[in-house]
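The values are calculated or read from the model by the stated rules, or taken from the named source; none is laboratory data. Because the structure is predicted, anything quoted here is derived from the model rather than measured. For neighbour counting, all protein chains shown are included, and Cβ atoms are generated from backbone atoms with ideal geometry for every residue, glycine included.
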Amino acid sequence: MKIIGYRKLWFSLSALVVVASIVLLGVFGLRLGIDFTGGSLLEAKYTEIELPVLDDIRFKIEEEGFENVRVQATGDNGVLLRMRDVTEEEHQSILVMLNSFGGEEAAVEEDIPEITVGEDGTAEIVIDESSLGNKGLKYSHIEELRFESIGPVIGNELKRKALYAILVVVIAIILFIAWSFRKVSEPVSSWKYGVIAVIALIHDVVITFGVFAVLGKYLGVEIDLAFVAAALTVLGYSVNDTIVVFDRIRENLAQHLGSNFKQTLEMSVHQTVVRSLNTSFTTLLVLFALFMFGGDSIKWFVLALLVGVLVGTYSSIFLASPLLYTWERFGKRR
């Protein structure tokens, strides 16, 4: 298969998907989680009754003055609520409302202290210290799984730090590749390898963001710190794959001085394509297993890795080397 020879096909395919992803990002945007916007997240599971209708839950909570509440079903008869930053008192009142779907307005069981009567007729109250940490409240129809609350100031700070982290990684990649390929054989300048690697990374990240724009619109998937961690992981994985190809190009350029540049690139890509596909395939198998059986808490994190690894494998084989050849040929024409 002529990978360099069919470069216009790969460029057209990449351009089509990238443009579509940018349009989706512009139309749908990214659904930011409370890590970046601030707010509260409450997850609970119904233990004695079936999960109520989500619209009924939303209506009941908003009726009590909580605006713009997002209600989402989770696995195993659970419900996930996202809302503005709430106080502990409001947190408890929401739990009572969720519990009331069991048929009682406030079906709350309290740990009643044990009372013993001594020989002299005096009463003694025995308190179980293990129950003091949860205020003695046990809801009869629900089990609270987690509650998180982040203020808007902290959310903006986390958003800024996440952008800084991605920017620092991209700059570090350019510098590292330029330094690693400083003794590269002609005709390619070392810094071109770094720039093309970053172009491939941008290609991977934009497509991944486009996929999550669609997921956010139709499935309510949110961008949180776990997604940022997945994006950084994808950056590292993708650039590693690209460096393997570029390193083989460097070796072949040194061994075949004066040979046809296009043929050398074609040979280098074919020598590494099996290794890249095998590595990516085994990685995708593990990620797919985690996505299917790993639970809801890591489901979208793993999906981000799945999309990123898949797109990164494509870009390292079908985009990076053809870009290198096109850039070099364009430079010679000038």
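Here are the numbers:
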| item | result |
| --- | --- |
| Cβ-Cβ under 9 Å pairs, at least 6 apart or on other chains, segment 320-334 side within 13 Å of GLU266 (Cβ to Cβ) and in the same structural domain as THR272 (by TED's automatic domain parsing), far side crowded, with 16+ Cβ neighbours inside 10 Å and at pLDDT below 80 | LEU324/VAL188 |
| Residue tally, condition surrounded by fewer than 15 Cβ atoms within 10 Å (Cβ to Cβ), outside any helix (DSSP H, G or I) and not acidic (Asp, Glu), over segment 44-59 | 3 |
| Contacts under 6 angstrom Cβ, first residue in segment 149-169 being under 23 Å from GLU43 (Cβ atoms) and surrounded by 14 or more Cβ atoms within 10 Å (Cβ to Cβ), partner among the acidic types (Asp, Glu) and at pLDDT below 85, 6 or more apart | SER149/ASP85; LEU158/ASP35 |
| Failed item in (1) assigned by TED's automatic domain parsing to the domain that holds HIS203; (2) in a strand (DSSP E or B), with LEU16 passing the rest | (2) |
| So LEU41, is it modelled with pLDDT under 90, in contact with a strand residue (DSSP E or B) (Cβ under 9 Å, 6 or more places away or on another chain) and not in a helix (DSSP H, G or I) | yes |
| Residues of segment 170-212 that turn out to be within 24 Å of GLU328 (Cβ to Cβ), hydroxyl-bearing (Ser, Thr, Tyr) and surrounded by 20 or more Cβ atoms within 10 Å (Cβ to Cβ), as a count | 1 |
| Members of segment 1-36 found to be touching a helix residue (DSSP H, G or I) at 6+ places or on another chain (Cβ under 9 Å), surrounded by fewer than 19 Cβ atoms within 10 Å (Cβ to Cβ) and of a type in the set (Ser, Thr, Tyr), listed by number | TYR6 |
| Set VAL221, VAL206, VAL234: member being touching a residue at least 40 places away in the same chain (Cβ under 8 Å), outside any helix (DSSP H, G or I) and touching a helix residue (DSSP H, G or I) at 6+ places or on another chain (Cβ under 6 Å) | VAL221 |
| Members of segment 211-253 that are among the aromatic types (Phe, Trp, Tyr) and closer than 22 Å to ILE22 by Cα | PHE212, TYR218, PHE227 |
| So ALA178, is it in a helix (DSSP H, G or I), assigned by TED's automatic domain parsing to the domain that holds ASN252, at pLDDT 80 or above and over 11 Å from ASP35 (Cα atoms) | no |
| Output for segment 213-251, where each listed residue is of a type in the set (Gly, Ala, Ser) and either on the phi < 0 side of the Ramachandran plot or crowded, with 20+ Cβ neighbours inside 10 Å (or both) | ALA213, GLY216, ALA226, ALA229, ALA230, ALA231, GLY236, SER238 |
